[in-house]
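Have a look at the structure below, then the notes.
The values are calculated or read from the model by the stated rules, or taken from the named source; none is laboratory data. Being a predicted model, the structure only gives us computed values, none of them experimental. So basically every Cβ, Gly included, is an ideal-geometry build from the backbone, and we count neighbours across all protein chains shown. Quick note on the areas: whole protein, heavy atoms, side chains included, nothing else; ligands and nucleic acids left out. Shrake-Rupley method; radii C 1.70, N 1.55, O 1.52, S 1.80 Å.
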Amino acid sequence: MNDIAHNLAQVREKISAAAARCGRDSEEVTLLAVSKTKPASAVEEAVAAGQTAFGENYVQEGVEKILHFREQGITSLQWHFIGPLQSNKSRLVAEHFDWCHTVDRLKIAVRLSEQRPADLPPLNVLIQINISDEQSKSGIALESLDALAADIAALPNVRLRGLMAIPAPEKEYDRQFAVARQMAVAFARLKADYPTVDTLSLGMSDDMEAAVAAGSTMVRIGTAIFGARDYTKK
Ligand SMILES: *Cc1c(COP(=O)(O)O)cnc(C)c1O
């Protein structure tokens with residue numbers, strides 16, 4: 001087994017164990033492999049080990065990988081855009097990705113809906129919540145969720161699937177869990193209002209267990225699968 005296959009098996013095992021500990025079925029938790037900064041060959045290794053859902057942060061890099069696999073006739077992969085999205089890059093996301101996790105304003109959602117090609121199914125979108133109320137601008141406050149969700153749900157070519165958050169890093173499990181619970185409560189409320197909502201994207205390499213215990217349905221794991229990232233080449 002290569003490193004990536006080995007790491008994937010370990011991460012899947014960790015998710016199963018975390019789910020089992022709180023009485024959840026591990027099938028309820030989707031593993032998104034975050035392949036940002038990693039070459040297509042690393043993604044190929046993960047695909048060979050059975051991984052199908054991949055997350056990318058940079059539009060251009062993600063599109064290159066998507067096209068790499070499409071050109072080989074491999075159409076079974078699911079691509080999730082999870083990075084900050086500027087308006088001028090929305091068309092590439094609408095045309096190539098299956099999901100966008102980082103919608104935090106109506107203007108972006110409208111553009112994604114307008115730019116989604118007619119021959120593709122609606123783009124799956126998550127609303128990003130700034131749950132730790134950080135200065136970093138990404139994500140909306142929970143108070144603004146109802147209004148934005150109603151507007152997005154009315155758009156024809158995007159499908160509101162749920163919520164996403166990147167909590168501020170916390171070392172302690174109890175703190176991680178408390179923040180994740182706030183997200184889970186907001187997710188449950190949204191789900192009650194919209195039948196299309198089924199996804200809570202929460203949990204990374206260092207907090208996935210607390211996220212799963214709190215109710216996450218999709219963990220986004222990079223380092224624990226592909227190893228540390230090298231940003232010096234970017
Ligand atoms: C990079 C990234 C991840 C993966 O983080 P790791 O700590 O490497 O698991 C998950 N979510 C988002 C939004 C990211 O940017």
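Points worth noting:
- The lysine pair count for the chain, using Cα distances under 16 Å and pairs eight or more places apart or on different chains, is 9.
- If you plug the beta carbon distance of Gln60 and Asp25 into 1/(1 + (r/R0)^6) with R0 = 45 Å, you get a FRET efficiency near 0.75.
- For the pair Glu44 and Glu95 in one chain, pulling the backbone fully straight at 0.36 nm per residue adds 16.1 nm over the alpha carbon distance.
- Positive-end ranking of Ala9, Leu123, Ala211 along the dipole of region 2-219, with charges on Cβ about the Cα centre, is headed by Leu123.
- Protein-only accessible surface at a 1.4 angstrom probe places the residues Leu112, Leu106, Leu155 in the order Leu106, Leu155, Leu112, largest first.
- Extension gain, Leu67 back to Ser87 (0.36 nm per residue minus Cα-Cα distance, nm): 5.0 nm
- Length added when fully stretched, Asp174-Thr52, from 0.36 nm per residue minus Cα-Cα: 40.8 nm
- FRET E, pair Leu106, Arg189, Förster distance 22 Å, beta-carbon r, rounded to 0.05: 0.65
- His6 versus Thr75: modelled label distance in nm, points set 7 Å from Cα along the beta carbon direction: 3.7 nm
- Kirkwood Rh in Å, taken over all unlike Cα pairs in region 121-180: 12.8 Å
- FRET efficiency estimate (nearest 0.05) - Cβ-Cβ, Asp230 to Ala17, R0 41 angstrom: 0.85
- In the chain, the C-alpha radius of gyration followed by the widest Cα-Cα span (Dmax) gives 16.9, 49 angstrom.
- Around the Cα centre of the chain, unit charges on the Cβ atoms of Lys, Arg, Asp and Glu (plus for the first two, minus for the last two) sum to a dipole of about 340 debye.
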